[in-house]
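Colleague: There's a structure below that I have some questions on.
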Amino acid sequence: QVQLVESGGGLVQAGGSLRLSCAASGRIDSSVVTAWVRQVSGTESEFVAAIIRGGGATSYADSVKGRFNIAKENAKITVYLQMSGLKFEDTAVYYCAARRPGVYTIDRVSTSYDYWGQGTEVTVSS
């Protein structure tokens, strides 16, 4: 099994920066695909970014490209989402998600991910 825990959310002023962390444990594959997905209550989830830990390939949603950066930590099974130039529209609950072991491709469809964290709230003030 895979367990994911997000952290780093909070309140930030528009134009500011914030870094989210996703700590993974359990039967993690060395090349696990990990994604960040955000959701506003009552709306569909929105793909934000993803990374393949084994190869380092990344993918970003158009709405965050150039402002957000997804990265991995070498010594720990942790994936980060560095957010800069935050906008009010970025306000949402951000979830960390991972694909099952043996799957090494990025998918922008949320249902393609097998494991999910509890989410961390990001609020951007205007």
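Colleague: Please report the spacing between the Cα centers of the stretch 23-71 and the stretch 80-126 in Å, no decimals.
Modeller: For the stretch 23-71 versus the stretch 80-126, the Cα centre distance is 5 Å.
Colleague: Also: Which of the aspartates and glutamates could a cross-linker span from Lys87 if the Cα-Cα distance has to be under 15 Å and same-chain partners fewer than 8 positions apart are dropped?
Modeller: In chain and number order, the partners are Asp62, Glu121.
Colleague: Sum up the charges of everything whose Cβ sits under 15 Å from the Cβ of Gly66, counting Lys and Arg as +1 and Asp and Glu as -1, but leave Gly66 out.
Modeller: 0
Colleague: Kindly state, as a whole number, the per residue volume in cubic angstrom of the convex hull around the alpha carbon atoms of the stretch 69-120.
Modeller: 117
Colleague: Around Lys87, under 15 Å between beta carbons, what's the net of Lys plus Arg minus Asp minus Glu among the other residues?
Modeller: Once positives and negatives cancel, what remains is -1.
Colleague: What ranking of Lys65, Lys87 comes out by heavy-atom accessible area, probe 1.4 Å, highest first?
Modeller: Listed by decreasing accessible area, they come as Lys65, Lys87.
Colleague: Go through the stretch 24-126 and name the GluC sites (Glu not before Pro) that are in a DSSP coil and have 12 or fewer other Cβ atoms within 10 Å of their Cβ.
Modeller: Glu44
Colleague: In the stretch 1-94, what percent of the accessible surface is made up of carbon and sulfur (1.4 Å probe, ligands and nucleic acids excluded)?
Modeller: 48
Colleague: Considering only DSSP states other than H, G, I, E and B, which trypsin sites (Lys or Arg not before Pro) in the stretch 1-47 qualify as loop sites with at most 14 other Cβ atoms within 10 Å?
Modeller: Arg27
Colleague: Net charge around Ala23, counting only other residues with Cβ within less than 10 Å of its Cβ (Lys, Arg = +1; Asp, Glu = -1)?
Modeller: -1
The values are calculated or read from the model by the stated rules, or taken from the named source; none is laboratory data. These numbers were taken from a predicted model, which means no experiment stands behind them. We place every Cβ from the backbone using ideal geometry, glycine too, and count neighbours over all the protein chains shown. Protein only, heavy atoms only, side chains kept; ligands, DNA and RNA dropped before computing areas. Shrake-Rupley method; radii C 1.70, N 1.55, O 1.52, S 1.80 Å.
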